[in-house]
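In what follows, a single structure is set out as structure tokens and then discussed.
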Amino acid sequence: MYQLYIKRQTVTIDGGVYLPDSFKSKGIPTFALKSDFHYQLYLFLKDWFSRSPFLQVKTSGSTGTPKDILVEKERMMQSAKLTCSFLGLEQGDKALLCMSLDYIAGKMMVVRALVAGLDLYLITPNGNPLKETNTSFDFAAMIPMQVYNSLQSGVEKERLRNVKNLLIGGGAIDPMLVAELKLFPNNVYSSYGMTETLSHIALRKLNGDDITENYIPLDGVALSLSEDNTLIIDAPLVSAEKLYTNDVAEIEKDGSFRIIGRRDNVVNSGGVKIQIEEVEMLLKPFISAPFAISSLPDVKFGEILVLVVENKFDIKMLNGKIPAYYLPKKVIEIEAIPLTETGKVSRSDLKEMILNISKRQA
């Protein structure tokens, strides 16, 4: 069934319409010659219009080594339909693709364009995707870093404000960023999802009269918690099996939920279990430089919290400002916090880095 549907699909790129046959012949369509990113899109579409019912995608690697998984094209289309229906996207609407096609977020932007007949505009992934374009977009998806950078320029900020539906995913959004986005005139959403859920399965409205503090699951998504309070996702349209996540969550009676942090980011220090993400949120108002919280083994406490920061910082400044058990017991200064390709803190690389530094300092 999916093959018949895909055969009827066309894709609009930078205003030009391309048929499935454009990706089956030996010749290369003209759009693919515009940039390396356009050529990557051509390769993705060539794979999409192939006879295989599967596509290969890789996870982001924020907590470990990225891995490749196979996903069904049929389920990718179901996910795309949910998003396009929720946002009210229509044929001919202009959509911005400015995220890597190596990961599910970028791939799903293309599938949404295929399913809804969107006009897809490409900008090679970078920190300032709106810097060189005057196009008014009906739909754009970005990571928090791209949104933050766009807000630092008057011209780019205005272009961002004009996006009719802005989807922000790939990491936690700073409260100060949320406060600025509340003033935007058009729809702004934070998304929750992962590679295995084929992008997001829940959205949080960040502005407007229907603003929400929690994530609201999309239609057809049922949620529950494990014994460890980690989120269990039952979304049959996008996954044949229930997905058991590592995300510690709280679910409200109305079905909305919030993410506390990842189970593998819990530090047991002196018998107190501390969620790294909660500590980072508490520290944000006091530290202007990029930073992250990690941990090191300790003889007395078992583990201790470590503040890793890209500048000098006197930990005594935090005395009395946050609970004592949230105070990092060690500060390590480094040149740059390691990030994944999708802009998240690479927790595994960070841990390895500070372990090596600690050994040298011992």
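Things to note:
- Applying the condition of being at negative phi and small (Gly, Ala, Ser) to the range 332-362 and asking which residue is nearest to the chain's Cα centre (by Cα) yields 346.
- Applying a threshold of 9 Å to beta carbon distances and a minimum spacing of six or more residues, or different chains, the list of pairs starting in the range 201-224 at a residue that is at positive phi and surrounded by fewer than 21 Cβ atoms within 10 Å (Cβ to Cβ) and ending at one that is β-branched (Val, Ile, Thr) and at pLDDT below 95 reads 220/238.
- Scanning the range 168-200 for residues that are among the hydrophobic types (A, V, I, L, M, F, W, C) and free of Cβ contacts under 8 Å to residues at least 60 places away in the same chain gives 168, 173, 177, 178, 179, 181, 183, 184, 188.
- Any hit, the range 152-159, residues being over 26 Å from residue 11 (Cα atoms) and among the β-branched types (Val, Ile, Thr): yes
- Scanning the range 11-18 for any residue that is small (Gly, Ala, Ser) and under 21 Å from residue 133 (Cβ atoms) turns up at least one such residue.
- The lone criterion from (1) surrounded by fewer than 19 Cβ atoms within 10 Å (Cβ to Cβ); (2) more than 17 Å from the chain's Cα centre (by Cα); (3) free of Cβ contacts under 8 Å to residues at least 60 places away in the same chain left unmet by residue 267 is number (1).
- Annotation: residue 91 fulfils all but one of (1) closer than 25 Å to residue 218 by Cβ; (2) at pLDDT below 95; (3) not in a helix (DSSP H, G or I); the unmet one is (2).
- Any hit, the range 252-259, residues being free of Cβ contacts under 8 Å to residues at least 40 places away in the same chain, out of contact with any Pro (no Cβ under 7 Å at 6 or more places or on another chain) and surrounded by 14 or more Cβ atoms within 10 Å (Cβ to Cβ): no
- Options 317, 281; residue that is farther than 29 Å from residue 98 by Cβ, in contact with a helix residue (DSSP H, G or I) (Cβ under 8 Å, 6 or more places away or on another chain) and not polar (S, T, N, Q): 317
- Residue in the range 314-323 that is surrounded by 19 or more Cβ atoms within 10 Å (Cβ to Cβ) and either in contact with a Lys or Arg (Cβ under 9 Å, 6 or more places away or on another chain) or within 25 Å of residue 176 (Cα to Cα) (or both) present: no
- Just one residue in the set 43, 97 is modelled with pLDDT of 95 or more and crowded, with 19+ Cβ neighbours inside 10 Å; that residue is 97.
- Within the range 139-162, residues that are within 15 Å of residue 106 (Cβ to Cβ) have Cβ atoms under 7 Å from residues that are in a helix (DSSP H, G or I) in these pairs: 139/87; 141/105; 141/109, counting only partners at least 6 apart in sequence or on another chain.
- Restricting attention to the range 98-135, the residues that are farther than 21 Å from residue 159 by Cα and free of Cβ contacts under 8 Å to residues at least 12 places away in the same chain add up to 0.
The values are calculated or read from the model by the stated rules, or taken from the named source; none is laboratory data. Here the structure is a predicted model, which means the values were calculated and not measured. Glycine gets a Cβ as well: all are built from the backbone with ideal geometry, and neighbour counts include every protein chain shown.
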